[in-house]
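The structure under discussion appears below in the form of structure tokens.
The values are calculated or read from the model by the stated rules, or taken from the named source; none is laboratory data. As the structure is a computational prediction, the values presented were derived from the model and not from experiment. Positions of Cβ are backbone-derived with ideal geometry, glycine not excepted, and every protein chain shown enters the neighbour counts. Areas reflect the complete protein model, heavy atoms only, side chains present, ligands, DNA and RNA absent. Shrake-Rupley method; radii C 1.70, N 1.55, O 1.52, S 1.80 Å.
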Amino acid sequence: MSEQQIPKTFDPADIEARWYPHWEKTGAFRPERPDAGPWTLVNPPPNVTGSLHIGHALDNTLQDVLARYERLRGKDAKWVVGVDHAGIATQMVVERQLAEKQQKRTDFTREEFVKKVWAWKEESGGQITRQLRRLGCSMDWSNEQFTMDPHFVRAVTKVFVDLYNDGLIYRDKRLVNWDPGLKTAISDLEVETVEVKGHFWRFRYPLADGVTLADGRDYIEVATTRPETMLADMAVAVHPDDERYASVVGNFVEQPITGRRLKIVADEHADPELGSGAVKITPGHDFNDFEVGKRAGIAAGDMLNMFNADAHVVQTQDGLVPDQFVGLERFAARAAVVAELKRLGCLIPHVARTKDGEEQELDAEPRRIQTPFGDRSNVVIEPWLTDQWYVDAEKLAVEPMRAVREGDINIVPKSWEKTFFNWMENIQPWCVSRQLWWGHRIPAWFDDDGNVFVAMSEQEAVDQAGGGTLRRDEDVLDTWFSSALWPFATQGWPEADVKGEGRYPNDVLVSGFDILFFWDARMMMMGMHLLSDVPFRDLYLHGLVRAADGQKMSKSKGNTVDPLGLIDDYGADALRFFMTAMESQGRDIKMDQGRIEGYRNFATKLWNAARFAQGYGIGASDTLAPPAATTAVNQWIIGETIRTAQAVELVLADYRFDAYASTIYQFTWNRFCDWYLELIKPVLQAEGGHDDAAETKAVAGWVLDQILVMLHPVMPFITEELWHKLGERPYDLILAKWVEADSRSISADAAEEVDWLIELVTAIRSSRSELNVPAGAKLPLFVRDAEGGTVERLERQGSALERLARIESVSSDPAPAGGAAQIVVGEATYVIPLEGVIDIAAEKARLTKNRDAAAKEAKALAGRLSNENFIAKASEAAVAEARTKLADRTAEQERLDAALDRLG
RNA sequence: GGGCGCGUAGCUCAGCGGUAGAGCACUGCCUUCACACGGCAGGGGUCGCAAGUUCGAACCUUGCCGCGCCCACCA
């Protein structure tokens with residue numbers, strides 16, 4: 001693609017469709033650059049069945065900004081990409097498809113079903129990767145990963161075996177969060193607590209054996225929000241110090257429905273302040289009660305279970321559940337238990353007042369109950385006693401906490417550290433087994449006696465067992481177990497020496513804060529244990545993309561925005577710029593189409609600026625260093641370019657994405673387009689050529705190139721297109737060199753001169769506009785009180801001034817008598833005769849407004865400077881600055897007073 | 001119950017110790033030969049409230065009021 005005329009219209013779709021395949025085909029994402037140092041980033045693997053949502057667009061834009069920036073700075077930027085098998089999510093999708101055909105998973109063998117999932121993976125797995133390409137993400141597709149690739153399976157198996165052998169994975173019988181919808185255990189993190197409307201019932205449990213309480217009552221009152229669990233009650237607990245019950249501890253109550261004798265135990269868990277102070281204990285179906293039960297000497301194996309896998313009532317081991325309850329669904333069982341207790345006269349009614357103040361008896365007190373739901377199934381979670389595999393997270397959490405504390409891992413923004421520590425310090429054993437078919441099958445085998453053998457292969461397990469036939473564990477691993485290995489398993493670990501290659505630790509991880517525990521922390525635990533080093537040096541956490549009204553986006557609310565649609569409407573570059581500009585640390589992003597449109601306009605602006613430049617023979621620069629410049633305007637823009645590059649480097653080092661976007665935006669539009677291009681028009685358009693033309697074209701071409709370079713990380717498509725349209729290039733922009741930001745190329749004098757010119761032009765324009773001078777009218781300008789330096793500047797910048805402020809001539813002669821606009825800039829006053837045109841009253845009003853503004857500021861400054869505390873305590877620089885400003889403002893005010901006098 | 005964050009122009013957001021900025025929207029002028037997805041000029045804010053620290057506070061501290069998120073066993 002060689003130099004050619006830039007078309008009048010900017011068509012993002014056309015450009016995007018051409019450049020992405022070109023980059024990918026030419027290997028630009030991982031070019032051969034033997035001298036380049038490694039820089040590594042791994043992409044949070046999206047679900048294989050997923051499609052790109054707006055959160056992915058944010059996450060991947062930020063990563064691509066970093067990857068492209070580092071690539072431009074000469075690094076061998078490797079951005080690892082791949083997809084996650086997403087156990088539960090994917091299995092659910094395929095099961096849903098079966099359901100549409102009136103089929104279910106269990107109609108098939110495990111092998112048949114898994115085959116169907118693989119088929120679906122092949123069919124749908126490419127979608128999200130195609131979409132990432134449309135966003136422009138410069139990932140290393142040559143090394144695309146899948147968490148169920150054969151080498152990944154080996155890595156996962158090895159990790160499981162190693163952790164088992166290290167005692168960090170174990171099998172345990174305890175309560176798990178059981179999802180009766182999916183019929184699998186899930187981890188704590190996959191449980192979402194939601195407040196729902198519920199009831200709080202109170203019941204009487206009669207004391208057995210004729211015992212009574214100190215006050216003579218023959219029953220103990222217990223309360224619950226889950227009456228159905230009474231069918232498996234095993235005790236009643238009271239606080240050891242609770243006098244009311246001290247006499248009956250060690251005695252029994254009789255559960256009214258089952259007739260089971262429940263021991264009254266003393267346990268700190270019972271809160272004397274709450275309700276009656278006595279609490280029923282169901283060790284098999286409540287996390288607290290499980291602990292109380294254990295303390296009371298009930299072994300896990302003896303705890304009564306009253307549910308099957310889909311939460312229907314089953315007979316307990318002691319056979320005491322009346323037949324009428326067996327087989328009931330859990331919520332039906334709840335109603336049945338309440339009804340039966342009521343019938344038995346054991347229900348204590350709740351007395352409520354109606355709005356009219358009348359008393360009313362209810363079965364139970366209405367309450368808001370914190371209820372656990374499965375995050376995937378949206379079904380109420382049941383604590384259920386099962387054998388599962390656990391990772392000893394507490395031990396694995398030690399090193400990551402140390403790493404964060406000591407700065408080996410730098411969490412950005414820092415405010416997340418507290419959340420991180422809070423979770424890590426209270427971490428619970430991680431249940432990693434899932435009763436699913438899709439996933440990494442657990443490498444554990446059992447013999448007929450229930451002995452377990454954990455091994456890399458069945459053969460090894462058999463060898464361990466000393467022969468015989470073994471049965472492999474049916475369960476698979478939590479998806480996050482495999483993705484926890486992502487920073488190294490994707491790069492060939494354990495065979496490859498990822499540390500030696502400089503690819504581990506990764507340089508940075510970018511993720512949404514919503515997966516800090518699920519994924520980021522687990523990578524730290526696994527990485528630090530298995531590779532003895534942190535998985536990444538920096539952890540950048542970004543927020544959520546919210547709907548325009550601030551609500552969380554979700555399919556069920558129907559308020560999602562499709563990033564692909566936004567790309568169609570505004571171009572990928574505009575969407576990327578939006579994400580980058582809005583990414584402010586520690587804050588969510590609210591959708592704002594107006595902004596995306598604004599950034600589309602920005603792209604168009606750049607396009608037209610390049611087109612303009614090209615029209616005057618400005619093209620690809622042939623130097624990396626700034627070209628030699630003699631004019632103030634050229635020196636100034638070079639300095640501004642370098643300052644911009646330095647600012648960009650500074651803010652990107654701190655992951656200040658918004659600051660990066662606004663820095664480059666303002667430079668491009670407000671400096672380069674609004675001023676520089678306008679200032680050089682007289683040079684470019686001079687009839688018969690201009691002495692400064694060659695220099696100016698060289699500088700303009702260089703600056704434009706630097707803009708393309710600096711903008712490329714966030715707007716890769718338009719910049720690559722313009723890069724080539726502006727001239728023959730030895731390489732694509734994606735592989736160009738970052739700006740040589742050498743401060744020695746900044747001229748302070750040039751900056752002062754151009755700042756002065758801008759101030760003067762702006763002031764003249766402002767007065768023209770306020771005095772309603774016709775926009776096209778060219779006016780003479782008379783200067784008074786100008787010092788030598790200003791006179792020279794006026795000579796040098798005369799043609800620019802004439803063009804930008806619509807001035808016909810500049811003269812240091814006294815202005816003719818009569819009405820005139822007067823403009824004060826610096827020490828000089830600029831007079832524009834407007835006899836007959838000017839409205840003297842309007843000009844007086846305008847000058848007075850300016851005078852008053854100067855006077856007000858001068859007064860404030862004078863006040864500050866007359867405060868001896870300020871002089872004594874404020875920094876010298878602050879005092880000096882105040883003095884300078886006061887002098888300036890006072891002088892300005894005096895000149896404006898003089899101008900007002902002249903108006904009469 | 002703990003923790004985190006947010007309340008700045010009509011809207012979306014920067015600024016985080018020296019008397020307020022951007023984009024969009026708004027008003028006026030401009031069909032000026034790069035761009036009307038544009039140019040120029042302009043209006044608009046007692047920076048949630050209160051007290052404190054400081055020579056000086058949108059910016060630091062404390063309290064309060066609103067909003068949001070996360071974690072947690074009130075049966």
Look through segment A:590-599, keep the residues that are open to solvent by 70 Å² or more (accessible area, probe 1.4 Å) and assigned to a helix (DSSP H, G or I), and return whichever of them is nearest to RNA strand B (Cβ to nearest atom). A:R595
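Restricting to strands (runs of 3 or more DSSP E) lying wholly in segment A:191-260: which have 3 or more residues that are aromatic (F, W, Y)?
Numbers: elements: A:191-206, A:219-224, A:235-238, A:252-254.
Answer list for segment A:191-260: A:191-206.
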Residues of segment A:803-814 that turn out to be without any contact (Cβ under 8 Å) to a residue 60 or more places away in the chain, surrounded by fewer than 17 Cβ atoms within 10 Å (Cβ to Cβ) and under 18 Å from A:L679 (Cα atoms), as a count: 2
Identify, from the list A:A882, A:A891, A:A887, A:A800, the residue that is near RNA strand B (Cβ under 9 Å from one of its atoms) and closer than 29 Å to A:A751 by Cβ. A:A882
I want to confirm something. Restricting to segment A:241-275 and keeping residues that are open to solvent by less than 20 Å² (accessible area, probe 1.4 Å) and not β-branched (V, I, T), which single residue is nearest to RNA strand B (Cβ to nearest atom)? A:A270
Mind listing whichever residues of segment A:19-51 are closer than 18 Å to A:H724 by Cβ, open to solvent by 20 Å² or more (accessible area, probe 1.4 Å) and in contact (Cβ under 8 Å) with a residue 12 or more places away in the chain? A:H22, A:E24, A:T26, A:G27, A:P31
Considering only residues that are within 23 Å of A:T668 (Cα to Cα), open to solvent by less than 10 Å² (accessible area, probe 1.4 Å) and of a type outside the set (D, E), which ones fall in segment A:568-589? A:G571, A:A572, A:A574, A:L575, A:R576, A:F577, A:F578, A:M579, A:T580
Cβ-Cβ under 7 Å pairs, at least 6 apart or on other chains, segment A:520-546 side within 25 Å of A:T560 (Cβ to Cβ), far side of a type in the set (S, T, Y) and not in a strand (DSSP E or B): A:Y540/A:Y655
Cβ-Cβ below 7 Å, separation at least six or inter-chain, first residue in segment A:872-886 and closer than 17 Å to A:K859 by Cβ and open to solvent by less than 80 Å² (accessible area, probe 1.4 Å), second part of a helix (DSSP H, G or I) and of a type in the set (G, A, S): which pairs? A:L886/A:A858; A:L886/A:A862
Checked against (1) assigned to a loop (DSSP other than H, G, I, E, B); (2) more than 24 Å from the chain's Cα centre (by Cα), A:S138 satisfies every condition except (2)
In the list A:R472, A:R503, which residue meets the criterion of being charged (D, E, K, R), more than 27 Å from A:K183 (Cα to Cα) and open to solvent by 10 Å² or more (accessible area, probe 1.4 Å)? A:R503
Could you tell me which numbered condition A:A155 fails, if it satisfies all but one of (1) closer than 30 Å to A:E458 by Cα; (2) open to solvent by less than 10 Å² (accessible area, probe 1.4 Å); (3) at pLDDT below 95? (3)
Taking segment A:415-444 on its own, how many of its residues are more than 16 Å from RNA strand B (Cβ to nearest atom) and not in a loop (DSSP other than H, G, I, E, B)? 4
Scan segment A:750-765 and tell me whether some residue there is among the small types (G, A, S) and touching a helix residue (DSSP H, G or I) at 6+ places or on another chain (Cβ under 6 Å). yes
What's the total number of residues in segment A:407-443 that are within 20 Å of A:T147 (Cα to Cα) and aliphatic (A, V, I, L, M)? 3
Just one of the numbered conditions (1) surrounded by 17 or more Cβ atoms within 10 Å (Cβ to Cβ); (2) closer than 24 Å to A:R376 by Cα; (3) out of contact with any Ser or Thr (no Cβ under 9 Å at 6 or more places or on another chain) is not true of A:K197; which one? (1)
All positions within segment A:181-194 that are open to solvent by 40 Å² or more (accessible area, probe 1.4 Å), more than 8 Å from RNA strand B (Cβ to nearest atom) and at pLDDT 90 or above: A:G181, A:K183
When segment A:834-871 is checked residue by residue, the ones that are away from RNA strand B (no atom under 15 Å from the Cβ) and either touching a Cys at 6+ places or on another chain (Cβ under 8 Å) or open to solvent by 30 Å² or more (accessible area, probe 1.4 Å) (or both) are A:E835, A:G836, A:I840, A:A841, A:K844
When you scan segment A:669-708, how many residues do you find that are buried (at least 20 other Cβ atoms within 10 Å of the Cβ) and either among the basic types (K, R) or closer than 30 Å to A:F657 by Cα (or both)? 16
Single match in A:F290, A:F307 (criterion: hydrophobic (A, V, I, L, M, F, W, C) and touching a Phe, Trp or Tyr at 6+ places or on another chain (Cβ under 7 Å)): A:F307
Condition broken by A:A300, with the remaining ones in (1) within 16 Å of RNA strand B (Cβ to nearest atom); (2) within 26 Å of A:T184 (Cα to Cα); (3) in contact with a helix residue (DSSP H, G or I) (Cβ under 9 Å, 6 or more places away or on another chain) satisfied: (1)
Could you look through segment A:334-380, keep only residues that are free of Cβ contacts under 8 Å to residues at least 12 places away in the same chain and either among the polar types (S, T, N, Q) or within 16 Å of RNA strand B (Cβ to nearest atom) (or both), and pick out the one that is least open to solvent (accessible area, probe 1.4 Å)? A:T354
Which of the residues spanning segment A:448-469 are closer than 21 Å to A:L436 by Cα and open to solvent by 60 Å² or more (accessible area, probe 1.4 Å)? A:M456, A:E458
Against the definition (within 16 Å of RNA strand B (Cβ to nearest atom), hydrophobic (A, V, I, L, M, F, W, C) and within 23 Å of A:H85 (Cα to Cα)), how does A:F513 come out, yes or no? yes
If you scan segment A:818-871, which residues turn out to be in a helix (DSSP H, G or I), more than 48 Å from the chain's Cα centre (by Cα) and farther than 20 Å from A:A786 by Cβ? A:I840, A:A841, A:A842, A:E843, A:K844, A:A845, A:R846, A:T848, A:R851, A:S866, A:E868
With (1) open to solvent by less than 10 Å² (accessible area, probe 1.4 Å); (2) in a loop (DSSP other than H, G, I, E, B) as the list, and A:V292 as the residue in question, which single condition is left unmet? (2)
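Any chance segment A:100-110 includes a residue that's in contact with a strand residue (DSSP E or B) (Cβ under 8 Å, 6 or more places away or on another chain), among the charged types (D, E, K, R) and part of a helix (DSSP H, G or I)? Full working, then the answer.
If we filter segment A:100-110 for residues that are in contact with a strand residue (DSSP E or B) (Cβ under 8 Å, 6 or more places away or on another chain), which is where we start, we get none.
No, segment A:100-110 has no match at all.
For segment A:761-794, what are the residues that are closer than 30 Å to A:D705 by Cβ and either exposed (fewer than 15 other Cβ atoms within 10 Å of the Cβ) or within 16 Å of RNA strand B (Cβ to nearest atom) (or both)? Give the derivation first.
Taking segment A:761-794 and keeping what is closer than 30 Å to A:D705 by Cβ, we get A:761-762, A:793.
Within segment A:761-794, A:V761, A:T762 meet the criteria.
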